[in-house]
Amino acid sequence: MQVVFLGLPGAGKGTQAVSITEEFHIPHIATGDMFREAKAAKTPLGKEVQEYLDKGLLVPDELTIRLVRERLGQADARHGFLLDGFPRTLPQAQALDGMLAEEGLGLTHVLYLLVSETELLQRLTGRRVCPDCGASYHAAFHPPRSAGVCDRCGGALIQRADDRPEAVSVRLRENLERTRMLSEFYEKRGLLATIDGERPIGHVYDEIRQALRGDHS
Ligand code: ADP
Ligand code: ADP
Ligand code: ZN
């Protein structure tokens, strides 16, 4: 199972990824999380990408592709993965095809979570995340059981720097056209499953499960 999660920032990819990895036992590989970790640890990569992250701009393809190539080379990704936030550009999609082809593999599913822009704005500006385990919450739509505390690990929730309104609009602009192009790219290849991402979290997951089980049950 080689799965790509496509969707604009705020579509619910991270939220759904938690359930998918638990049920299907594939590693969740999120480029945004990896970049944020590198930034927090002040590694050379982290220093290089910091400004892009803070502004909401895409990190250059070359750096991003190198990161994913290294990650997919690790043992736990040999038997499948869920890629979240990659590819975000056509050159990244082509590079991914190349990496998989080298191993005699190909993508099995591309899940496209579709959510309107007005809904995305509300989701992103109200999002709170756990810096310790990556879980995503929302002040109104998906509050934690105890205010400000992660249900999963007890971490203290924070607002991401790029969920401020200025950076949110940059991120949507950066990704709108590219996401549309990627959805067409995968549609043509017969890999795309479009999922209504505006429904409640559990309903969205039911649709995802159906799409993934379609030819794997
Ligand atoms: P969201 O969860 O809102 O979709 P991410 O956490 O996936 O956002 O990404 C956060 C930031 O990390 C992006 O704004 C961008 O700077 C960088 N990033 C993540 N994935 C990619 C990618 N595939 N290509 C370029 N930049 C990326
Ligand atoms: P992404 O990883 O695609 O950027 P997240 O999973 O972080 O998106 O979700 C963005 C925000 O929207 C979070 O605050 C999350 O709690 C909330 N959210 C996710 N799915 C839904 C949903 N189906 N309905 C309402 N809010 C949602
Ligand atoms: Zn947590």
Show me, for the stretch 75-80, the HN-Hα J-couplings you get by feeding each phi into the Karplus relation (A = 6.51, B = -1.76, C = 1.60, θ = phi - 60°), rounded to Hz, glycine and proline as x.
4, 5, 9, 5, 10, x
Can you bin the stretch 15-127 into rounded, prolate or oblate? Criterion: square roots of the alpha carbon gyration tensor eigenvalues sorted a ≥ b ≥ c, rounded for a/c under 1.5, prolate for a/b above b/c, oblate for the rest.
oblate
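Work out the FRET efficiency for ASP33 and ASP97 from their Cβ-Cβ distance, taking R0 = 22 Å, and round it to the nearest 0.05. Intermediate results must be reported in sequence, preceding the final value.
Values: r = 23 Å, r/R0 = 1.05.
So the FRET efficiency works out to roughly 0.45.
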Given a 1.4 Å probe, how much area per residue of the stretch 21-124 is accessible, in Å²?
50
Just name one of THR21, TYR52, PRO9: the one whose Cα is farthest towards the positive end of the charge dipole of the stretch 1-65 (beta-carbon charges, Lys/Arg +1, Asp/Glu -1).
TYR52
The stretch 108-217: C-alpha gyration tensor shape, a/c 1.5 cut-off, then a/b vs b/c:
oblate
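Using alpha-carbon pairs under 8 Å, 6+ residues apart, how would you state the relative contact order of the chain in percent?
Details: 310 pairs, mean separation 63.8, N = 217.
Reported relative contact order: 29 percent.
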Rounded to the nearest percent, how much of the accessible area of the chain (1.4 Å probe, protein heavy atoms only) is carbon and sulfur?
52
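Rounded to the nearest 500 deg cm²/dmol, what is the calculated helix-only ellipticity per residue at 222 nm for the chain, with -39500 (n - 2.57) per DSSP H run of length n ≥ 4?
Details: 8 runs with 106 residues, N = 217.
Taken over the chain, the calculation gives -15500 deg cm²/dmol.
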Check which residues have an amide H placed less than 5 Å from PHE86's amide H, if you skip close sequence neighbours.
PHE5, THR31
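Under the classification rounded if a/c is under 1.5, otherwise prolate if a/b is larger than b/c and oblate if not, where does the chain fall, given a ≥ b ≥ c as square roots of the Cα gyration tensor eigenvalues?
Working: a/c = 1.38, a/b = 1.17, b/c = 1.18.
Because its axes are fairly even, with a/c under 1.5, the chain counts as rounded.
The values are calculated or read from the model by the stated rules, or taken from the named source; none is laboratory data. These figures come from a predicted structure and were not determined experimentally. With ideal geometry, Cβ positions are generated from the backbone for all residues, glycine too; neighbour counts draw on all protein chains shown. These accessible areas exclude ligands, DNA and RNA; they are computed on the full protein's heavy atoms, side chains included. Shrake-Rupley method; radii C 1.70, N 1.55, O 1.52, S 1.80 Å.
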